[in-house]
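Chemist: Sharing a structure with you now.
The values are calculated or read from the model by the stated rules, or taken from the named source; none is laboratory data. Here the structure is a predicted model, which is why all the values come from computation and not from measurement. All Cβ positions, glycine included, derive from the backbone under ideal geometry; neighbour counts span all protein chains shown.
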Amino acid sequence: MIPNQWYAVLSSKQVKKNKLIGVTRLSEKLVFWRDDADEVHCIYDKCCHRGASLCTGTLVENHVQCPFHGFLYDGSGKVTRIPANGKNAKVAENYRVNAYQARDAYGLIWVWYGDYNADLPEIPFFEELTTGFTYGEFSENWNVHYTRSIENQLDVVHLPFVHKTTIGRGNKTLVNGPVAKWNDNRMTFYVKNELDQGQQPEKPNEVENYEKLFHLQLQMPNIWQNIISDKIRIFAAFAPVDEENTHIYLRFYQSFMRVPVLRELVNALSAVMNSVILHQDRRVVLTQLPKKSEFRMKENLVQGDLPILEFRKRRDQLREKESHPN
């Protein structure tokens, strides 16, 4: 993981009021809940007393009550009451578990992978999707590290082979560029694939008027969008589960259909098509070894893999920067 980043980890609808939900994210067992003010909280799912799972407990006055001995935990992970010691007994500071600051925004649950009391930046998101768009969503687990699932969406070379019956029709196997541009921690990459008629592919600095080309965006550390048109976008959040699993939340955003019943129908049908395309990817990506990618590994990349290389470099740069800020 990259320290000091907002990670999208769940769909908002998964965290309900008056109910605990236990999941594995960021390679840790975590428990989420909403308080009476609808604020989301996230703490480590293991009681500091005897190691019981907290997600099997109950909510008592916005606190998590351990099912084993009734210890009460607040949203910062601190034990506020130990019933066996009496309700007026002071609780020592060492009675606590790790906690992450969590937010509900844009239909997703985000956690700040860093210090709990940090002065937090804004959650990064694709601003244009926040107004005028509605979406249909589905999600599923992939048995790969989240880096592999992200890189699949940065791969402009695989389309005519993996998706030859869907979005890769046309046999455009020759890859010009691609052109990749960074704005802070957001990469926009421009695609110009065409039929191979014996010509040499253009290098990234040879692609003219690239701003007018089909393009996609990656927002570090784990969200992505495919800009189909002004009114259609495909969005994905790649929630890290552990070293060998990722939960993908895939959405079809659209603004062309606004009639209520038809809008919901379009959004629901979109999930079917998205799942077909995603499963074409999954069939191949699940075979990749190792399950986790790194900047330096035993692969022979080609020119068309530039967005993947850019992602790996930026991920390494951020990890180094945040681990050694001075």
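Chemist: Tell me, which residue of the stretch 173-185 that is surrounded by 15 or more Cβ atoms within 10 Å (Cβ to Cβ) and in contact (Cβ under 8 Å) with a residue 24 or more places away in the chain is farthest from the chain's Cα centre (by Cα)?
Modeler: 174
Chemist: For the stretch 290-326: of the residues being touching a helix residue (DSSP H, G or I) at 6+ places or on another chain (Cβ under 9 Å) and of a type in the set (S, T, N, Q), which is surrounded by the most Cβ atoms within 10 Å (Cβ to Cβ)?
Modeler: Among them, the one singled out is 293.
Chemist: Being loosely packed, with under 13 Cβ neighbours inside 10 Å, of a type outside the set (A, V, I, L, M) and within 28 Å of residue 322 (Cβ to Cβ) narrows it down to one residue among 18, 94; which is it?
Modeler: Numbers: 18 fails: within 28 Å of residue 322 (Cβ to Cβ).
None of the others qualify; the one that does is 94.
Chemist: Let me ask another. Could you tell me whether any residue of the stretch 77-88 is modelled with pLDDT of 95 or more and within 20 Å of the chain's Cα centre (by Cα)?
Modeler: No; the residues of the stretch 77-88 include none that is modelled with pLDDT of 95 or more and within 20 Å of the chain's Cα centre (by Cα).
Chemist: Would you mention how many residues in the stretch 239-262 are aliphatic (A, V, I, L, M) and in a helix (DSSP H, G or I)? Talk me through it step by step, then tell me what you get.
Modeler: Restricting attention to the stretch 239-262, the residues satisfying the condition of being aliphatic (A, V, I, L, M) are 239, 241, 248, 250, 257, 259, 261-262.
Narrowing further to those that are in a helix (DSSP H, G or I): 261-262.
Qualifying residue count, the stretch 239-262: 2.
Chemist: Related question: Could you tell me how many of the residues in the stretch 66-91 are crowded, with 19+ Cβ neighbours inside 10 Å, part of a loop (DSSP other than H, G, I, E, B) and aromatic (Phe, Trp, Tyr)?
Modeler: 1
Chemist: Still on this structure, I have one more. Would you mind stating whether residue 233 is at pLDDT 95 or above, in the same structural domain as residue 185 (by TED's automatic domain parsing) and either of a type in the set (Ser, Thr, Tyr) or in a helix (DSSP H, G or I) (or both)? Lay out the reasoning, then the answer.
Modeler: Working: at pLDDT 95 or above: yes; in the same structural domain as residue 185 (by TED's automatic domain parsing): yes; either of a type in the set (Ser, Thr, Tyr) or in a helix (DSSP H, G or I) (or both): no.
No, not satisfied.
Chemist: Still on this structure, I have one more. Within the stretch 144-162, track down each residue that is crowded, with 22+ Cβ neighbours inside 10 Å and over 18 Å from residue 186 (Cα atoms).
Modeler: Those that are crowded, with 22+ Cβ neighbours inside 10 Å and over 18 Å from residue 186 (Cα atoms): 144, 145.
Chemist: Let me ask something else about it. Looking at 317, 288, 280, which is the one that is more than 18 Å from the chain's Cα centre (by Cα) and within 17 Å of residue 5 (Cβ to Cβ)? Explain how you work it out, then say what you get.
Modeler: Values: 288 fails: within 17 Å of residue 5 (Cβ to Cβ); 280 fails: within 17 Å of residue 5 (Cβ to Cβ).
It is 317.
Chemist: Considering only the stretch 195-206, I want to know if a residue exists there that is among the acidic types (Asp, Glu), at pLDDT 95 or above and either surrounded by 15 or more Cβ atoms within 10 Å (Cβ to Cβ) or not assigned by TED's automatic domain parsing to the domain that holds residue 290 (or both).
Modeler: First, pick out the residues of the stretch 195-206 that are among the acidic types (Asp, Glu): 196, 202, 206.
Filter once more, so that each one left must be at pLDDT 95 or above: 196, 202, 206.
Pick out the ones that are also either surrounded by 15 or more Cβ atoms within 10 Å (Cβ to Cβ) or not assigned by TED's automatic domain parsing to the domain that holds residue 290 (or both) and you get 202.
Yes, there is a match, as at least one residue in the stretch 195-206 is among the acidic types (Asp, Glu), at pLDDT 95 or above and either surrounded by 15 or more Cβ atoms within 10 Å (Cβ to Cβ) or not assigned by TED's automatic domain parsing to the domain that holds residue 290 (or both).
Chemist: I'm trying to understand the selection: among the residues of the stretch 3-40, which are part of a strand (DSSP E or B) and not aliphatic (A, V, I, L, M)?
Modeler: Passing the criteria: 6, 7, 11, 17, 22, 24, 25, 28, 29, 32, 33, 34.
Residue-by-condition table, conditions (1) part of a helix (DSSP H, G or I); (2) over 24 Å from residue 156 (Cα atoms):
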{"position": "237", "(1), (2)": "no, no"}
{"position": "264", "(1), (2)": "yes, yes"}
{"position": "284", "(1), (2)": "yes, no"}
{"position": "289", "(1), (2)": "no, no"}
{"position": "295", "(1), (2)": "no, no"}
{"position": "307", "(1), (2)": "yes, no"}
{"position": "315", "(1), (2)": "yes, no"}
{"position": "320", "(1), (2)": "yes, yes"}
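Okay, residues lined up against (1) in contact with a Ser or Thr (Cβ under 9 Å, 6 or more places away or on another chain); (2) modelled with pLDDT of 95 or more; (3) not in a helix (DSSP H, G or I):
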residue: 1; (1), (2), (3): yes, no, yes
residue: 42; (1), (2), (3): no, yes, yes
residue: 50; (1), (2), (3): no, yes, yes
residue: 64; (1), (2), (3): yes, yes, yes
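Chemist: Going by the structure shown, is residue 190 closer than 24 Å to residue 1 by Cα and either of a type outside the set (A, V, I, L, M, F, W, C) or surrounded by fewer than 15 Cβ atoms within 10 Å (Cβ to Cβ) (or both)?
Modeler: Values: closer than 24 Å to residue 1 by Cα: no; either of a type outside the set (A, V, I, L, M, F, W, C) or surrounded by fewer than 15 Cβ atoms within 10 Å (Cβ to Cβ) (or both): yes.
It is false that residue 190 is closer than 24 Å to residue 1 by Cα and either of a type outside the set (A, V, I, L, M, F, W, C) or surrounded by fewer than 15 Cβ atoms within 10 Å (Cβ to Cβ) (or both).
Chemist: Residue under question is residue 209, and the condition is that it be on the phi < 0 side of the Ramachandran plot and of a type in the set (S, T, N, Q); does it hold?
Modeler: On the way: on the phi < 0 side of the Ramachandran plot: no; of a type in the set (S, T, N, Q): yes.
It is false that residue 209 is on the phi < 0 side of the Ramachandran plot and of a type in the set (S, T, N, Q).
Chemist: Right, something else. Could you check the stretch 105-114 and list, in sequence order, the residues that are part of a strand (DSSP E or B) and of a type in the set (Phe, Trp, Tyr)? Talk me through it step by step, then tell me what you get.
Modeler: Initially, the stretch 105-114 is screened for residues part of a strand (DSSP E or B), giving 105, 108-112.
Listed by number, the residues that qualify are 110, 112.
Chemist: Which of the residues spanning the stretch 209-235 are free of Cβ contacts under 8 Å to residues at least 60 places away in the same chain and under 14 Å from the mean Cα position of the chain (by Cα)? Break it down into steps so the answer makes sense when it comes.
Modeler: Applying the first criterion (free of Cβ contacts under 8 Å to residues at least 60 places away in the same chain) to the stretch 209-235 yields 209-215, 227-232, 234.
Hit for the stretch 209-235 is 234, nothing else.
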